[in-house]
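Written below as structure tokens is the structure these notes are about.
Coordinate-derived values only; no laboratory data. Every value quoted in this text rests on a predicted model; they were computed, and no experiment measured them. Glycine gets a Cβ as well: all are built from the backbone with ideal geometry, and neighbour counts include every protein chain shown.
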Amino acid sequence: LAETTAGATPYPSTVYAHRGFSYAAPENTLPAVDAAAAAGIEWMENDVQRTRDGALVVIHDATLARTTDVEAKFPTRSPWRVGDFTQAEINTLDAGSWKGPQWTGTRVPTLARYLARLDANGQRLLLEVKRPELHPGLAADVVAELRRLGWLGTAHTGRLIVQSFDLASLKAVRTRAPQVRTAFLTDDPSLANLPGCTAVADQIHLEHTRVTAAYVDAVHLRRGPHRRQVKLVVWTVDDPARTGQLLALRVDGFITNRPDAISEAATTA
Ligand code: G3P
Ligand code: CA
């Protein structure tokens, strides 16, 4: 697999669109999904959190302040934490105009709405259980919702990976849905921690400046919960020049805000 041939991918790699195609459209929204689909990008990376009334919504930050007009609409509700608002309240917010006037009216999607769009587009999902310390039991709620929406069945085999910086959340996913692939997010390439991580994670997702050849090799020597070789994916890589360096180290994938440019670089490196 690592053999290089002229004009071909030097090492097979997967590109994940970070927060959707977040360079082209507002992050973690349906327009960012559609922008990725238009660019031929299959895999989305997105973040899920929980509202005050228990709905699951796709959003990155712990607060609504940066990516919505919440401060204008709810001026007395500082610090505008996601978990302090109901889904109905969040659905009144504009999650697009911060990125540009053409995105005005874009909503923070529920996970259900988001998955429906992925299904319609034939896309795949790398879903991050985000800030579980702020949302106790979030991983269990995410699994229940994925099950309710049909994303744990055989029709979605190979179309879903759940990731987290929190190993306990990955364990909670594995306990409830052992068929789901899991990935551990980290910026610590510690060899000592690898056995514990790969007991619950099929992939290690490492901050890209921390990658070394020795670490990639050590990861590739391990088998994950599904008994396959553990993959090493890097985040967040937006520079095409960096792609070739990382492929030479045999990384298996890239999480990127520029899935178009990185896909192109990965196939021509
Ligand atoms: O998937 C890697 C990356 O998403 C982790 O960082 O802050 O963008 O969720 P963040
Ligand atoms: Ca993320």
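Remarks
- Per-region count, segment 59-85, residues surrounded by fewer than 19 Cβ atoms within 10 Å (Cβ to Cβ) and in a loop (DSSP other than H, G, I, E, B): 11
- Residues of segment 119-132 that are of a type in the set (A, V, I, L, M) and either away from ligand 2 (no atom under 16 Å from the Cβ) or surrounded by fewer than 17 Cβ atoms within 10 Å (Cβ to Cβ) (or both): A120 alone.
- All positions within segment 219-248 that are surrounded by 18 or more Cβ atoms within 10 Å (Cβ to Cβ) and aliphatic (A, V, I, L, M): V219, V230, L232, V233, V234, V237, L246, L247
- Count - residues of segment 137-174 that are more than 22 Å from V233 (Cα to Cα), among the β-branched types (V, I, T) and out of contact with any helix residue (DSSP H, G or I) (no Cβ under 9 Å at 6 or more places or on another chain): 1
- Residues in segment 253-269 that are among the hydrophobic types (A, V, I, L, M, F, W, C) and part of a strand (DSSP E or B): F254, I255.
- Number of the exception - R77 against (1) closer than 19 Å to R131 by Cβ; (2) in contact with a Lys or Arg (Cβ under 9 Å, 6 or more places away or on another chain): (2)
- Total residues in segment 185-229, condition within 16 Å of ligand 1 (Cβ to nearest atom), closer than 19 Å to V129 by Cα and out of contact with any Lys or Arg (no Cβ under 8 Å at 6 or more places or on another chain): 7
- As a summary of the residue check, A88 satisfies the conditions (1) outside any loop (DSSP other than H, G, I, E, B); (2) buried (at least 16 other Cβ atoms within 10 Å of the Cβ) except for the one numbered (2).
- Criterion violated by N46 - all others in (1) of a type outside the set (A, V, I, L, M); (2) away from ligand 2 (no atom under 16 Å from the Cβ); (3) surrounded by 24 or more Cβ atoms within 10 Å (Cβ to Cβ) satisfied: (2)
- Of all the criteria given as (1) of a type in the set (G, A, S); (2) out of contact with any helix residue (DSSP H, G or I) (no Cβ under 9 Å at 6 or more places or on another chain); (3) in contact (Cβ under 8 Å) with a residue 12 or more places away in the chain, the one not satisfied by A192 is (3).
- Criterion (farther than 19 Å from S13 by Cβ and over 19 Å from the mean Cα position of the chain (by Cα)) met by exactly one of P195, P189: P195
- Taking the criterion of being of a type outside the set (D, E, K, R) and touching a helix residue (DSSP H, G or I) at 6+ places or on another chain (Cβ under 8 Å), the residues of segment 123-136 that qualify are Q123, L125, L127, V129, P132, L134, H135.
- Number of residues in segment 51-66 that are in contact (Cβ under 8 Å) with a residue 24 or more places away in the chain, within 16 Å of ligand 1 (Cβ to nearest atom) and among the charged types (D, E, K, R) equals 1.
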